[in-house]
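The values are calculated or read from the model by the stated rules, or taken from the named source; none is laboratory data. Keep in mind that this is a model prediction, so the values were computed, not measured. In this analysis, Cβ positions are derived from the backbone assuming ideal geometry, glycine residues included, and neighbour counts consider all displayed protein chains.
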Amino acid sequence: MTTEPSIPVLEAVPNISEGRDLGLIRDLVERIAAHDVEVLDWSADPDHHRAVITFIGPPGAVEDAAVDLVCFVRDHIDLRNHRGVHPRVGAVDVLPFVPVHDLSMADAVASAWRVGEEIERLGIPIFHYGEASAPPGRGLAALRRGGFEALTSGWPVDRQPDRSAGREAAHPTAGVTCVGARRVLLAWNVFVDGLAVEDARAIAASIRERGGGFEGLRALGLRLAGTGRVQVSMNLEDPVRTSPVEVFDRIAAEVARIGGEVVETEVIGMVPDTLVLPDSAGRLKLPDPGPARRLSQRVAAHVAARRSGRTETSDRTV
């Protein structure tokens, strides 16, 4: 009996502080795709002023592509000119690594540490978070408190970088990069009508973990200036442990109580399996993302391609 060889697959999901220059974002995607990785998805939002790119591949190739991306972004994005509704501390703001096939969390942490060391050589200070911090579990909210501007004149007493790059403060244009390791999470926005942004902020405060709400849920209430739409913007760290449907139902109930209506759910990046279960998409008012956005299907296809000796790269057009 023969055993199929291991096909380790690492996912990286860099969040970049640029959501308006689509030409530059396409350049970033092409730069990543030039490595031996597969770009699964990318999206950009002008109000958040943020782009999210998802790519997978062998750990070494993913690490190389990530460092190359940071080098390019360092030279092309100036945070001094950046304003958006999403909190940020870096041009490449967060850079998580996720073990998605034949890898352990320890492997993803090792990748995060290696990439952090290489980014420090580019002159950019590093904070490690998630499973890559010491001790594990450091959150992003505290690291991003006050934004990039809070780090330009020196390190706050409670926020010393893990890798300073020899600096006494953030890089003057690229800020800092938060490099982490984590499980698959759900990044999503629930759009509401009939509510003021203050209502959305109150709902976000009541449902997030820090406010006594759902475990592993981070939430903000935002108004998008470009469209005037109001949203509850969320990260759910473990969509298996905490049900997205239960979170959505709580939001919908609070919105209805105030006199508003939930109109749409938007997923940023790839869609975890918990959102493609029977009736989940319709109940959440989530447009069918199709198989191209379903993480498990894309990883399975990627593994099959590597087993057969094929490699491919692709990206989704905005």
Those residues of the stretch 169-193 which are within 18 Å of ALA256 (Cβ to Cβ) and either of a type in the set (Asp, Glu) or assigned by TED's automatic domain parsing to the domain that holds ALA132 (or both) amount to ASP193
Among residues of the stretch 116-130 being in contact with a Gly (Cβ under 7 Å, 6 or more places away or on another chain) and within 14 Å of PHE97 (Cα to Cα), the residue surrounded by the most Cβ atoms within 10 Å (Cβ to Cβ) is GLY130
message = When you scan the stretch 105-112, do you find a residue that is part of a helix (DSSP H, G or I), touching a strand residue (DSSP E or B) at 6+ places or on another chain (Cβ under 9 Å), of a type in the set (Asp, Glu) and not assigned by TED's automatic domain parsing to the domain that holds SER243, even just one?
response = yes
Here the residues within the stretch 29-41 that are free of Cβ contacts under 8 Å to residues at least 60 places away in the same chain, buried (at least 18 other Cβ atoms within 10 Å of the Cβ) and outside any loop (DSSP other than H, G, I, E, B) are ILE32
When the stretch 114-133 is checked residue by residue, the ones that are part of a loop (DSSP other than H, G, I, E, B) and either at pLDDT below 95 or among the charged types (D, E, K, R) (or both) are GLU131
Flagged pairs (Cβ under 7 angstrom, 6 or more apart or on separate chains; first in the stretch 127-144, in contact (Cβ under 8 Å) with a residue 24 or more places away in the chain; second β-branched (Val, Ile, Thr)) are PHE127/VAL176; HIS128/VAL179; GLU131/VAL109; ALA132/VAL109; ALA132/VAL179; LEU140/VAL94; LEU143/VAL89; ARG144/VAL89
Residue hits (the stretch 4-24; under 24 Å from PRO291 (Cα atoms) and crowded, with 20+ Cβ neighbours inside 10 Å) are VAL9, LEU10, GLU11, ALA12, VAL13, PRO14, ASN15
>> If I filter the stretch 278-289 for residues that are assigned to a helix (DSSP H, G or I), basic (Lys, Arg) and within 30 Å of ILE7 (Cα to Cα), do I get at least one hit?
In response: no
Scanning the stretch 211-246 for residues that are farther than 20 Å from VAL52 by Cβ, of a type in the set (Val, Ile, Thr) and modelled with pLDDT of 95 or more gives VAL230
Within the stretch 42-91, the residues that are at negative phi and in a strand (DSSP E or B) are TRP42, SER43, ALA44, ASP45, ARG50, ALA51, VAL52, ILE53, THR54, PHE55, ILE56, GLY90
Residue check for ALA196: in the same structural domain as LEU275 (by TED's automatic domain parsing) and either among the charged types (D, E, K, R) or free of Cβ contacts under 8 Å to residues at least 24 places away in the same chain (or both) = no
Quick count over the stretch 158-195, residues being outside any loop (DSSP other than H, G, I, E, B) and farther than 15 Å from PHE148 by Cβ, is 12
Of the conditions (1) buried (at least 18 other Cβ atoms within 10 Å of the Cβ); (2) free of Cβ contacts under 8 Å to residues at least 40 places away in the same chain, the single one that GLN231 does not satisfy is (2)
Output for Cβ contacts, cut-off 6 Å, separation at least six or different chains, first residue small (Gly, Ala, Ser) in the stretch 54-81, second surrounded by fewer than 17 Cβ atoms within 10 Å (Cβ to Cβ), reads GLY57/ASP36; ALA61/ASP36
When restricted to VAL89, VAL100, the only residue β-branched (Val, Ile, Thr) and either touching a Lys or Arg at 6+ places or on another chain (Cβ under 6 Å) or not assigned by TED's automatic domain parsing to the domain that holds VAL29 (or both) is VAL89
Restricting attention to the stretch 130-189, the residues that are among the hydroxyl-bearing types (Ser, Thr, Tyr) and farther than 30 Å from VAL240 by Cβ number exactly 4
